[in-house]
Amino acid sequence: MIKQAEYIKSIVDLKDEPEQLPQILLLGRSNVGKSTFINTLTNRKNLARTSNTPGKTIALNFYLIDESFYFVDAPGYGYAKRSKSQKDEFVIMLENFLIYSKNLVAVCLLIDFKVGPTVDDIETYEFLKNLGKDIIIVATKKDKIQKTKQQKQEQDIKKRLGNPGTFYAYSSVTKQNIDQIEAEFRSRIKL
Ligand code: GDP
């Protein structure tokens, strides 16, 4: 269980990264349930603000977890509402973060269990794989699919992703697999 979670800062320039601790990046398209996932994992109602929060800046948001590692929350992709220049600048920063951050130990890619992997999701997954990243896939909102159809949906999602190594179906309603996902994160943190 995560005991402590604290918002540290939002950065738009990689030189402003906080102190050297292991980082886990959380990625996913807007509305995938990423803020809810972070809030559920950390037992906090409003630690991560939803993508719909007005004026939420396009930045990497750092949350210090149990004083030992960071969750790095990237804005949801699907940047339609943002201006082109903002989008380009952020995408470049995110790519640089992925390529150069020495403290990034894993990337948690969130995918909507009901919607399945979108073109953006698959592109992002391929990009991360090509960079050799350690990827943990979390398929959110499993509760939105009828119980009798869940197994088939999970198989379909995995197939479309080319059978990823680390995959968890998840729901912030039932909290299924939350302990296993946290254990995956912790196993990447070498203290
Ligand atoms: P974000 O844009 O990725 O940060 O997504 P949010 O966390 O704001 O969630 C988007 C919407 O999906 C909200 O209305 C949430 O209440 C809902 N949601 C998030 N997780 C779940 C889940 O596991 N199950 C269900 N049924 N709804 C969820």
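The values are calculated or read from the model by the stated rules, or taken from the named source; none is laboratory data. Quantities reported herein were computed from a predicted structural model and do not represent experimental measurements. Note: ideal-geometry Cβ built from the backbone for every residue, glycine included; neighbour counts use all protein chains shown.
Some observations on this one:
- For region 1-22, filtering for residues that are free of Cβ contacts under 8 Å to residues at least 24 places away in the same chain and surrounded by 13 or more Cβ atoms within 10 Å (Cβ to Cβ) leaves 0.
- Residue, surrounded by the most Cβ atoms within 10 Å (Cβ to Cβ), within region 176-191, restricted to residues that are within 15 Å of the ligand (Cβ to nearest atom) and assigned to a loop (DSSP other than H, G, I, E, B): ASN177
- Residue within region 134-152 that is over 29 Å from MET1 (Cβ atoms) and touching a residue at least 60 places away in the same chain (Cβ under 8 Å) present: no
- Candidate set from region 29-46 (those that are within 6 Å of the ligand (Cβ to nearest atom) and at positive phi); member that is modelled with the lowest pLDDT: ASN31
- Among the conditions (1) over 27 Å from TYR70 (Cβ atoms); (2) crowded, with 19+ Cβ neighbours inside 10 Å; (3) of a type outside the set (S, T, N, Q), ASP121 misses just one, which is (1).
- The set of residues from region 137-175 being within 30 Å of GLN20 (Cα to Cα), in contact with a Phe, Trp or Tyr (Cβ under 9 Å, 6 or more places away or on another chain) and more than 16 Å from the ligand (Cβ to nearest atom) comprises just one member, PRO164.
- Sole residue being among the charged types (D, E, K, R) and on the phi > 0 side of the Ramachandran plot, chosen from LYS114, LYS142, LYS175, LYS190: LYS175
- Taken together, the residues in region 14-27 that are modelled with pLDDT under 95 and within 14 Å of the ligand (Cβ to nearest atom) amount to 0.
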